[in-house]
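Scroll down for the structure; my scribbles are underneath it.
All of the numbers you see were taken from the coordinates with simple rules; none came from a lab. Here the structure is a predicted model, which means the values were calculated and not measured. Virtual Cβ from ideal backbone geometry, glycine too; neighbours counted across all protein chains shown.
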Amino acid sequence: MRIEIPVTRVQRQKPRPEDAQLGFGQVFTDHMFLMDGAVDAGWSNPRIVPYGPLALEPATVALHYAQSVFEGLKAYRGQDDTVRLFRPDRNIARFNRSAARLCMPSIDPELFLAALKQLVATDRDWVPRAPGTSLYIRPVAFASDADLHVRPSRTYVFFIILSPVAAYYAEGFKPLRIRVEDRYVRSVRGGTGAAKTAGNYAGSLLAGEEAQKDGFAQVLWLDGINQEYIEEVGSMNIAFVIGDELVTPPLTGTLLEGVTRDSVLQLARDEGVQVAERPVAIAEVMAAARNGTLREAFGTGTAAVISPVGELAYKGERVRVQDGEVGPLSQRLYDRLSDIQRGRLPDRHGWMVAVED
Ligand SMILES: Cc1ncc(COP(=O)(O)O)c(C=O)c1O
């Protein structure tokens with residue numbers, strides 16, 4: 001069944017920045033998707049309207065108790081000018097898992113997908129063309145009761161906004177200097193680490209700020225119990241090539257189930273690389289760096305696809321990875337995935353979804 005969402009168009013389109021002027025997440029397109037939710041009535045009144053401010057009461061629950069969840073995915077303009085979403089079903093499913101963890105109502109996946117496709121199609125002229133650029137898509141649901149009780153809100157707002165973004169590595173890969181974080185933690189067993197929820201990000205800011213002050217790009221998060229096992233890097237998943245194996249921490253509920261992580265593991269398996277999802281101790285990685293078996297390290301995420309790690313600092317020791325250069329597997333996986341996203345390689349796994357039929 002085709003879901004038609006009513007559209008109120010802007011009277012006058014905003015000037016669009018040149019592709020060369022794009023950054024990340026500060027410019028928004030002409031339209032947004034909005035929908036109202038209520039615990040007893042479900043979601044209603046889906047609509048596409050001009051992008052603009054939301055009017056909120058100061059007592060809005062989400063502002064006080066962070067009952068909110070979000071997603072991040074991208075639309076790409078292919079060589080054939082078709083605009084396609086990358087694995088939106090994965091983001092929709094993760095959004096609903098996050099919502100369940102935060103006591104929020106789930107959204108019908110069919111309606112969610114229709115909203116994504118129709119909104120991006122409405123603003124298709126905003127999908128940039130220059131190599132490496134894309135349209136970042138940010139769906140958000142938040143608790144909208146005006147009520148200071150600490151309890152799940154009865155009403156919610158769901159919106160989707162769009163932002164044309166620059167190529168992440170316009171000047172080529174820059175391997176990151178990473179501090180292994182041994183004071184703060186991002187997530188604990190039984191916590192909200194696997195949910196894409198506002199509080200996780202608020203709680204991680206201080207560690208990131210302190211690392212940046214000391215000259216590092218991001219922190220490598222360790223587990224919240226003994227700070228022994230590796231979890232994620234900044235807001236990306238992490239993978240290592242140790243010996244001949246691609247290893248990455250397993251999904252045990254404390255880290256985000258990255259769509260890029262899953263895609264990169266699939267592409268690695270496709271080319272016969274041995275892949276292991278298993279606990280990775282920081283001691284193992286440091287030892288592998290010392291004895292020369294740590295061959296590559298990289299973060300995976302929607303924003304950059306692959307972010308090579310060039311250096312790790314842990315308890316006063318610094319080790320270089322791949323001499324601060326990009327490893328061959330990191331480069332290959334980046335090229336493959338980017339080529340699939342932009343329609344330059346066949347989409348063997350059925351990951352790409354055109355926004356217009
Ligand atoms: C905490 C965290 N981990 C991992 C990821 C990577 O997930 P994905 O590949 O779906 O973008 C993200 C970004 O979305 C994130 O915020």
- Query: Using a Förster distance of 25 Å, how high is the FRET efficiency between VAL27 and ASP80, based on the Cβ-Cβ distance and rounded to 0.05?
  - Reply: 0.45
- Give the residues of segment 1-33 whose amide nitrogen is closer than 19 Å to a point set 7 Å from the Cα of TYR201 in the direction of its Cβ. 23-29, 32-33
- Please give the contour-minus-distance gain from GLU245 to ASP323: 0.36 nm per residue of separation, less the Cα-Cα distance, rounded to one decimal in nm. 26.2 nm
- Item | Paramagnetic reach from ARG278 in segment 216-234 [backbone N under 16 Å; point 7 Å along Cα→Cβ] | 229-230
- Compute the relative contact order of the chain as a whole-number percentage, counting only Cα pairs closer than 8 Å that sit 6 or more residues apart in sequence. 18
- Quick calc of log₁₀ I(q)/I(0), the chain, Debye, one scatterer on every Cα, no solvent, q values 0.06, 0.12 1/Å, result -0.23, -0.93
- Message: Please state the shape class of segment 265-311: rounded when a/c is under 1.5, otherwise prolate if a/b exceeds b/c and oblate if not, all from the C-alpha gyration tensor.
- Response: oblate
- Query: Once label points are set 7 Å from the Cα along Cα→Cβ at both LYS315 and ASP108, what is their separation, rounded to one decimal in nm?
  - Reply: 5.5
- Using 0.36 nm per residue, how much length does the chain from ARG183 to ARG290 gain when fully extended, once their Cα-Cα distance is taken away? 36.2 nm
- Query: From a point 7 Å beyond the Cα of LYS213 in the direction of its Cβ, which residues of segment 304-321 have a backbone N at a distance under 19 Å?
  - Reply: 313-316
- How many angstrom separate the Cα center of segment 281-357 from the Cα center of segment 171-219? 17
- Pairwise label distance in nanometres, GLU271 with HIS64, each label 7 Å out on the Cα-Cβ vector: 5.3
- Here the relative contact order (percent) of segment 1-129, from C-alpha pairs under 8 Å and at least 6 apart, is 26
- Query: Mean residue ellipticity at 222 nm from the helices of the chain, using -39,500 (n - 2.57) per DSSP H segment of n ≥ 4 over the full residue count, to the nearest 500 deg cm²/dmol?
  - Reply: -7500 deg cm²/dmol
